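Everything below concerns the one structure shown next.
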Amino acid sequence: MSQRRGPLEATLAFLDFFAAVLRCLVTGPHFWLETLRTMDILMRRCLIPVGLAVAPVGAVIALQGVGVFRMFGVEGLLSSMLATAIFRQYSPALASVMVAAQAGSSIAARIGTMKVRGQIDALAVMSVDPLRYVVVPGFIACLIIAPLLNVLTTALGLVSGWFFAVVLARVDHGAFVDNLYSQVTVTDLWIGLAKCTLFGGAIGLIAGFAGLRTVGGAAGVGRAANSTVVTTIIMILVIDYFISLLLLWLGV
Amino acid sequence: MSFVWFVRHALVAQFSRLPPAEQFLRHAVDAGVGSVALLTLLIFFAGMSLAVQGYGAFVRMGGQEFLGLFCGIGGVRELFPVMAAIVCGARIGANLAASLANMQISEQIEALSVMGIDPMRYLVAPRLWAVVFTMPLLCAYADVVGLSASYFAAVVQLGVDQGTFSAQLREIIRWQDLAVGVGKGVAFGWLVAIIACYHGYRAAKQEGAAGVGVATNRAIVHSTVVCIVLNMILSAILYA
């Protein structure tokens, strides 16, 4: 498998890969212990970067919003905008981007290293399917940790927004809390979680694909990690746009 | 080798003498021109999403005529510079880290020192200058593309009144805002480059190919987190 054969070949190979992963998911054997181990490692690695990246966003929204809402004398509505933006939009998108940066690149680098060292071939020789043992656990792990992290980052974003608005900018605490849930519904939380699950699964797939296609030694490992992150960020933004257009059109 | 030690030596190497023009140009073209296509694609979708989501949020409160205000403040002041920094970290930073780590594990950096060439001056300084020079340009470009995309989504797709939208943009966006965005670009560029060079430079030789992967991963994650946190601090100082 060479890396440079044009986008059409890559797309076809990716679809092929996707079908193979789906087949592995449906049929046994499953390596559940390996899946749990991967989830444990990725969760530990992602927790701090994802939290640190998403928490400032709540503060920035509050900080820029407070001036504008004051201009129109509707400070109280600040929290409804903050909650809508965080629940629906910024928490899922940014959490997924950070999961791509941390978990995606580390999965791609790990699989790429195994490929370059011939360990993938060694697994196949021992009649352990590398797809089942290496790729599928990463895929399942990303699928599960992305929405879990989204719950955390949603809470963090709201807290940091509250801190900035109420503690630093002196918006009334009662008005902030009263309006917080006036615009968001449980549907918004589900939409955020569904988006994160979709993006997380795609991150795991793309990382596994890029890792298995690594060629060219140590430099190739860096390229695999890099291309995973770039591809997934593009995918997240593009899909996110179409989802929000669809939701607007459906009136959800 | 600590980060402080690395920054001190990199600063000395960066400012003691300007890098050779040819090296600087090569890295600047690689970082700048190489990122334009990716940045255009991402910022275009980010700008359109901003307008669509803002519209969705404002429709609930019945204030869709304030979309121009929202896109101006949210986009030019915050979203476009940060997105440019994330793209820069993911592409330029990861490339720098991977190439330096590759040189480190194949002992090319040691070979340079043996030949009496300071790797800081020969490898790190031109890269730092190149990224610091290209990032503000990319940020300015991101503002243009992002605003056009927001305008397109708001006026063409969502049917917001064109006059209101552009009047609000003109009212809320001042030259200072654009200058702040470009200034943020300088800071983001330097930070991304120094973090990427640091992780590439200290890649562990005995780990081989795995070391390159670790360096790339850390460069992407650390530079993204640092840029987002720095953006919050800068915004809090400038706008609060």
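The values are calculated or read from the model by the stated rules, or taken from the named source; none is laboratory data. What you see is a predicted model, and the numbers here were worked out from it, not measured in a lab. Note: ideal-geometry Cβ built from the backbone for every residue, glycine included; neighbour counts use all protein chains shown.
Scan segment B:144-202 for residues that are aliphatic (A, V, I, L, M) and touching a Pro at 6+ places or on another chain (Cβ under 9 Å) and jot them down. Steps first, answer last, please.
At the first step, the residues of segment B:144-202 found to be aliphatic (A, V, I, L, M) are B:144-145, B:147, B:149, B:153-156, B:158, B:160, B:167, B:169, B:172-173, B:178-180, B:182, B:186-187, B:191-196.
Within segment B:144-202, B:180, B:182, B:186 meet the criteria.
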Open item on the list: Checking the condition modelled with pLDDT of 90 or more and either crowded, with 24+ Cβ neighbours inside 10 Å or hydroxyl-bearing (Ser, Thr, Tyr) (or both), which residue from B:92, B:86 passes?
Closed with: B:92
Task: Qualifying positions in segment B:218-240 - at the interface with chain A (Cβ under 7 Å from one of its Cβ atoms) and free of Cβ contacts under 8 Å to residues at least 40 places away in the same chain - done: B:221, B:225, B:229, B:232, B:236, B:240
Open item on the list: Looking at residue B:117 and the list (1) at pLDDT below 85; (2) surrounded by fewer than 20 Cβ atoms within 10 Å (Cβ to Cβ), which single condition is not satisfied?
Closed with: (1)
TODO: Please work out which residue is farthest from the other protein chains (Cβ to nearest Cβ), limiting yourself to segment A:201-243 and to residues that are of a type in the set (S, T, N, Q) and touching a Lys or Arg at 6+ places or on another chain (Cβ under 8 Å).
DONE: A:214
Open item on the list: Exactly one of these conditions fails for residue A:17: (1) more than 10 Å from chain B (Cβ to nearest Cβ); (2) surrounded by fewer than 24 Cβ atoms within 10 Å (Cβ to Cβ); (3) out of contact with any Phe, Trp or Tyr (no Cβ under 6 Å at 6 or more places or on another chain). Give me its number.
Closed with: (3)
Task: Residues being surrounded by fewer than 24 Cβ atoms within 10 Å (Cβ to Cβ) and within 13 Å of residue A:207 (Cβ to Cβ) - total across segment A:138-151 - done: 2
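Looking at B:156, B:160, B:180, which is the one that is within 14 Å of chain A (Cβ to nearest Cβ), modelled with pLDDT under 90, under 25 Å from residue B:57 (Cβ atoms) and not in a helix (DSSP H, G or I)?
Numbers: B:156 fails: not in a helix (DSSP H, G or I); B:180 fails: not in a helix (DSSP H, G or I).
B:160 is the lone residue from the list that is within 14 Å of chain A (Cβ to nearest Cβ), modelled with pLDDT under 90, under 25 Å from residue B:57 (Cβ atoms) and not in a helix (DSSP H, G or I).
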Task: Neighbours by Cβ (under 8 Å, 6+ apart or cross-chain): first from segment B:40-68, facing chain A (nearest Cβ under 9 Å); second not in a helix (DSSP H, G or I) - done: B:52/B:158; B:55/B:158; B:55/B:160; B:57/A:183; B:60/A:183; B:61/A:183
Task: Single condition residue B:76 does not satisfy, out of (1) touching a residue at least 60 places away in the same chain (Cβ under 8 Å); (2) out of contact with any helix residue (DSSP H, G or I) (no Cβ under 9 Å at 6 or more places or on another chain) - done: (2)
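Of the residues that sit in segment B:159-210 and are of a type in the set (Phe, Trp, Tyr) and under 23 Å from residue B:228 (Cβ atoms), which one is nearest to the chain's Cα centre (by Cα)?
The first filter runs over segment B:159-210 and keeps only residues of a type in the set (Phe, Trp, Tyr), leaving B:165, B:175, B:188, B:190, B:198, B:201.
Filter again for under 23 Å from residue B:228 (Cβ atoms), leaving B:188, B:190, B:198.
Numbers: B:188: 5, B:190: 9, B:198: 17 Å.
Top of the filtered list is B:188.
Is it true that residue B:12 is of a type in the set (Val, Ile, Thr), touching a Phe, Trp or Tyr at 6+ places or on another chain (Cβ under 9 Å) and in contact (Cβ under 8 Å) with a residue 40 or more places away in the chain? I'd like the intermediate steps shown before the answer.
Working: of a type in the set (Val, Ile, Thr): yes; touching a Phe, Trp or Tyr at 6+ places or on another chain (Cβ under 9 Å): no; in contact (Cβ under 8 Å) with a residue 40 or more places away in the chain: yes.
So residue B:12 does not fit the description; no.
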- [ ] Considering every residue within segment B:1-18, establish whether at least one is modelled with pLDDT under 90, part of a loop (DSSP other than H, G, I, E, B) and under 12 Å from residue B:125 (Cα atoms).
- [x] yes
Open item on the list: From the list B:215, B:167, B:193, exactly one residue is part of a helix (DSSP H, G or I), among the aliphatic types (A, V, I, L, M) and either without any contact (Cβ under 8 Å) to a residue 24 or more places away in the chain or surrounded by fewer than 19 Cβ atoms within 10 Å (Cβ to Cβ) (or both). Which is it?
Closed with: B:167
Open item on the list: Suppose we filter A:36, A:8 for residues that are more than 9 Å from chain B (Cβ to nearest Cβ) and more than 22 Å from residue A:203 (Cβ to Cβ); which single one remains?
Closed with: A:8
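For segment A:152-252, which helices (runs of 4 or more DSSP H) that fit wholly inside it have 2 or more residues that are surrounded by fewer than 24 Cβ atoms within 10 Å (Cβ to Cβ) and among the hydroxyl-bearing types (Ser, Thr, Tyr)? If you could, list the steps in order and put the result at the bottom.
Details: elements: A:173-180, A:186-212, A:217-250.
So the answer is A:186-212, A:217-250.
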Task: Residues that are more than 25 Å from residue A:226 (Cα to Cα), in a helix (DSSP H, G or I) and free of Cβ contacts under 8 Å to residues at least 24 places away in the same chain, drawn from segment B:98-123 - done: B:110, B:111, B:112, B:113, B:114
